[in-house]
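The values are calculated or read from the model by the stated rules, or taken from the named source; none is laboratory data. It should be emphasised that the depicted structure is a prediction, and the values quoted were computed from it without experimental measurement. Because the Cβ atoms are built from the backbone with ideal geometry, glycine has one as well, and the counts that use them run over all protein chains shown. Note: areas computed on protein heavy atoms with side chains; ligands, DNA, RNA excluded. Shrake-Rupley method; radii C 1.70, N 1.55, O 1.52, S 1.80 Å.
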Amino acid sequence: CIPANQERFANGKLVTVQFHPSAQVVMTAGHDRSVSLFQVKSFTLNPKIQSIYLESFPIYKAHFSMDGEQVIATGTHHSMFFVYDMMAGRIIPIPKVRGVEEKFLRNFELSPDGSFMLLIGTSGYLHLLSMKTKELISTMKVNGRCTACAFTPDSSKIYSYSKEGEVFIWDVRSRKCLHKFEDEGSLEGKCIAVSKNNQYVACGSSSGVVNLYTTDVCLKENRPKPVKAIMNLVTSATCVTFNPTTEILAVASRDTDEAVKLV
């Protein structure tokens, strides 16, 4: 295959590569302040659909909305974020979310049902926004600092992983903490994922170890035993993700080249 973004390579580090939820389109976004969309056509041609440029806004993360009609983009050093409405072709700045006092807004997650946007703030704050209005619904707080979050497939719960290696499980409707457990052997939490069938939770830490748990033990035990500890990475695990049929878990580290393993 030729590079997906053959028609427009980025002038800086790429931070996001994502397929559209329903169309044959791939998005790239990165530090060169641009979001580009390409049609996924064949092994020899992926025509560029369009590029949008966000002035003085190096992108930290970009994500398609669940209906595929918007792209949300946060910056590396900004308290605002942008929404690109693909139907209208408009770039909508969201300058300040009322009630959210954060110097930088970088990391976020979108709920699978398309209702919520979760902003991961500093000092352990988690801000739940309405996806429709981009207004604050509620704020939750974990002990320590939150490094990663994941919604369950039915969008009813949030797993938040702290820098101290604890995982807090939140009820989205009541915003109450249902349970918390310690990730075995974790010195510093880095990334977390919940499988599409809600059977497994994967926690990746700074040591490179990825622990795989079943969700039922996560909800009951304070120190659950992992079903499997994946030790293949030698640098910090920065990405864990399940394939849609929950048969493969990908674990990766951005700290070294070619550190991607499929389990």
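Total residues in the range 98-112 satisfying the condition of being over 14 Å from Ala150 (Cβ atoms) and in contact (Cβ under 8 Å) with a residue 24 or more places away in the chain: the figure is 8. Search the range 193-239 for residues being among the β-branched types (Val, Ile, Thr) and part of a loop (DSSP other than H, G, I, E, B), and hand back the single one that is most open to solvent (accessible area, probe 1.4 Å). The extreme case among them is Val234. Of all the listed residues (Gly144, Gly121), the sole one being farther than 19 Å from His63 by Cα and free of Cβ contacts under 8 Å to residues at least 40 places away in the same chain is Gly144. List the strands (runs of 3 or more DSSP E) inside the range 1-80, counting only whole elements, that have at least 1 residues being within 21 Å of the chain's Cα centre (by Cα) and basic (Lys, Arg). Ranges flagged: 59-64. So, Lys132, is that one outside any strand (DSSP E or B) and either open to solvent by 70 Å² or more (accessible area, probe 1.4 Å) or modelled with pLDDT of 95 or more (or both) or not? The answer is yes for Lys132. Checked against (1) modelled with pLDDT of 95 or more; (2) open to solvent by 40 Å² or more (accessible area, probe 1.4 Å); (3) among the aliphatic types (A, V, I, L, M), Met87 meets all criteria but (1). Within the range 157-176, can one find any residue that is more than 27 Å from Ile248 (Cβ to Cβ), at pLDDT 95 or above, surrounded by fewer than 23 Cβ atoms within 10 Å (Cβ to Cβ) and in contact with a helix residue (DSSP H, G or I) (Cβ under 6 Å, 6 or more places away or on another chain)? No, the conditions are met nowhere in the range 157-176.
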